[in-house]
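The block underneath contains the structure these notes are about, expressed in structure tokens.
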Amino acid sequence: EGGVNVEKTPRLEEKGERVRVSLQDLCQCIPDWVLTDDGNTVVLEAAGYTLGLYNEDAGVVATVDGLETEMEPEDYLFGAEGNFIDAAFLAGALSGSAEWDPEETTLMLRIPGREVADATD
């Protein structure tokens, strides 16, 4: 920031084989990412994508740029403080990758900008 390296660390939750990352914290780390949460709908605008999470009677539904995408019920839980989302699900939805290093307790989340991802398709 302003020509100076700044370290920002989003909160993580490790539960079994799953690693979740806080969307709120990611948006604080990445200035161009915007999170909107109205309670039953969460929208993340990130890297040229729009990820929508909807709390419906039948369960959580996810969309990427308006198209429904497959998700498991544990990928996102409504009502959790910090808007924690499964890192692998988030990376897949945004054409990226997620790698967890348990020895270093480090999540490597690579999300290319949409224009980069579209150029390599």
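The values are calculated or read from the model by the stated rules, or taken from the named source; none is laboratory data. Note that the structure is a prediction, hence the values are computed from the model and not measured. So basically every Cβ, Gly included, is an ideal-geometry build from the backbone, and we count neighbours across all protein chains shown. Side chains included, ligands, DNA and RNA excluded: accessible areas come from the protein's heavy atoms. Shrake-Rupley method; radii C 1.70, N 1.55, O 1.52, S 1.80 Å.
If only residues of the stretch 28-65 that are over 14 Å from residue 93 (Cα atoms) and in contact with an Asp or Glu (Cβ under 9 Å, 6 or more places away or on another chain) are counted, the one that is most open to solvent (accessible area, probe 1.4 Å) is 32.
Residues of the stretch 95-108 that are part of a strand (DSSP E or B) and closer than 23 Å to residue 50 by Cβ: 97, 98, 107.
Part of a loop (DSSP other than H, G, I, E, B) and in contact with a strand residue (DSSP E or B) (Cβ under 6 Å, 6 or more places away or on another chain): is that true of residue 71 in this structure? It is true that residue 71 is part of a loop (DSSP other than H, G, I, E, B) and in contact with a strand residue (DSSP E or B) (Cβ under 6 Å, 6 or more places away or on another chain). Filtered by the rule that a residue be within 17 Å of residue 114 (Cα to Cα) and either touching a strand residue (DSSP E or B) at 6+ places or on another chain (Cβ under 9 Å) or part of a helix (DSSP H, G or I) (or both), the stretch 44-63 gives 44, 45, 46, 49, 50, 51, 52, 63.
In the stretch 1-25, which residue that is in a loop (DSSP other than H, G, I, E, B) and among the charged types (D, E, K, R) is surrounded by the fewest Cβ atoms within 10 Å (Cβ to Cβ)? I'd like the intermediate steps shown before the answer.
Within the stretch 1-25, the first condition is being in a loop (DSSP other than H, G, I, E, B), and the residues that meet it are 1-11, 16-17.
Now drop any that are not among the charged types (D, E, K, R), which leaves 1, 7-8, 11, 17.
Values: 1: 7, 7: 5, 8: 10, 11: 13, 17: 7.
So the residue we want is 7.
Residue-level analysis places residue 73 outside the set of residues that are farther than 17 Å from residue 11 by Cβ and either in contact (Cβ under 8 Å) with a residue 40 or more places away in the chain or surrounded by 13 or more Cβ atoms within 10 Å (Cβ to Cβ) (or both).
When residue 92 is tested against (1) in contact with a Ser or Thr (Cβ under 8 Å, 6 or more places away or on another chain); (2) open to solvent by 30 Å² or more (accessible area, probe 1.4 Å); (3) not in a loop (DSSP other than H, G, I, E, B), just one condition goes unmet, and that condition is (1). Residues in the stretch 1-47 that are of a type in the set (D, E, K, R), under 15 Å from residue 109 (Cβ atoms) and either in contact (Cβ under 8 Å) with a residue 40 or more places away in the chain or touching a Ser or Thr at 6+ places or on another chain (Cβ under 9 Å) (or both): 11, 13, 14, 18, 20, 25.
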